[in-house]
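Written out below as structure tokens is the structure these notes cover.
Read the figures in this text as sums done on the coordinates, not as results from a lab. What you see is a predicted model; the values in this text were computed from it and never measured. Every residue, glycine among them, receives a Cβ derived from its backbone with ideal geometry; neighbour counts consider all protein chains shown.
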Amino acid sequence: MERILVLNGLESCGFRFVKSFQGKYDIKFLEPLELKRFLHDLTMLDDVYDVVINNMEIGFFNTRNYDYMNDINVRLNEYISTRFKKAKIILMSSQFVYKSSEALKDEDYTTQPETEYGKTKLEAEKIIKKHDSYIIIRRGFSYGKCTMNLYMDIINALRSHTPIKLNSNVYINPVLNSDLADITEMLIDDDNDIYNVAGDEYMTLYDMGNIICNYLKESCNFIKISYIKNLNYAISSERIKKKYNYKFFNISDDDILIMQR
């Protein structure tokens, strides 16, 4: 049985991967509830894993400072690549590594990040590409039931009738976390490659919040916020869909119960 280490088993893909595949694989996961403890536990692990899934990140819509973002999105990958030399590393990267444009971006599209977040993700990719065995997943915005992420913040804000700030001028692709976990598992036997993994739709977080709000039949008490300029990071996942004959869920078509399963 393959041994798999999942970094951040509470959020999005990590949560769903552990839930779906515990038993098929020998899975250990670390939860970053407290960063110092997480890093300590990481240093205590031996180089015995076949696969390390790095689901850790500080996201674009996060309010933390750049140094913290760089520590999690870049320096942590340097450590993982050095520490786990025997393992294949699967890096959860982002569609934000591409150059913003109206075009649908495939894996060969220009990587020219226009945000500090995108720059840290591209740096992480460069680090992981030096590892003997790797897969890079450039994912869209992950939604679906888990312990903690921005999607769950939106759900909780709606149910508690609490205002929440959502961006209205950065276009992204939502991807259901179970889709993301399934594709990640399929790619375990792949090697040294990059894939876009996201649904076909693209929208802003403000648009997405309103779709969820309508499903839940709640009052949409959102506060529009904007980035310094309009950005479009819509990506094409045709390569992965053709490789595995895979059909992604669309957030505007599916029942909210599917999103929270």
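Taking 17 Å as the straight-line reach from the Cα of residue 28, the aspartates and glutamates in range (excluding those fewer than 8 positions away in the same chain) are 2, 11, 41, 46, 47, 50, 185.
Remark on the chain: 13, 146 stand apart, with no other cysteine beta carbon under 4.7 Å. Note on the chain: dipole from Cβ charges, positive end direction compared against 98, 9, 27; the farthest Cα belongs to 9. Between the listed residues 233, 222, 192, the Cα displaced farthest toward the positive end of the dipole of the range 170-261, a dipole computed from Cβ unit charges relative to the Cα centre, is found at 222.
The dipole here belongs to the range 81-201: it is taken about the Cα centre, uses +1 on the Cβ of Lys and Arg and -1 on the Cβ of Asp and Glu, and is about 660 debye. Legend: residue pairs 88/165; 19/99; 88/145; 36/243; 24/247; 165/241, Cα-Cα distance threshold 30 Å; pairs beyond threshold, 88/165; 19/99; 36/243; 165/241. Close amide H pairs (under 5 Å, H built 1.01 Å from N) link residue 141 with 173, 175, residues at least 5 positions away or on another chain.
Using +1 on the beta carbon of Lys and Arg, -1 on that of Asp and Glu, and nothing else charged, what's the dipole of the chain about the Cα centre, debye to 20? Mind dumping the intermediate values first?
Values: 34 positive and 38 negative charges, 68 e Å.
Magnitude of the dipole: close to 320 debye.
Using DSSP, restrict attention to beta bridges with both residues in the range 134-261 and report what percent are antiparallel, rounded to the nearest 5. Counting DSSP beta bridges with both partners in the range 134-261, the antiparallel share is about 5 percent.
Phi angles of the range 117-134 translate, via the Karplus equation with coefficients 6.51, -1.76, 1.60 and θ = phi - 60°, into HN-Hα couplings of 4, x, 5, 5, 5, 5, 4, 4, 4, 4, 5, 5, 5, 7, 6, 4, 9, 8 Hz per residue; Gly and Pro are given as x.
Under 5 Å from the amide H of residue 90 lie the amide H atoms of 52, 53, 54, 135, each residue being 5 or more positions distant or on a separate chain, with H modelled from the backbone and absent for Pro and chain starts.
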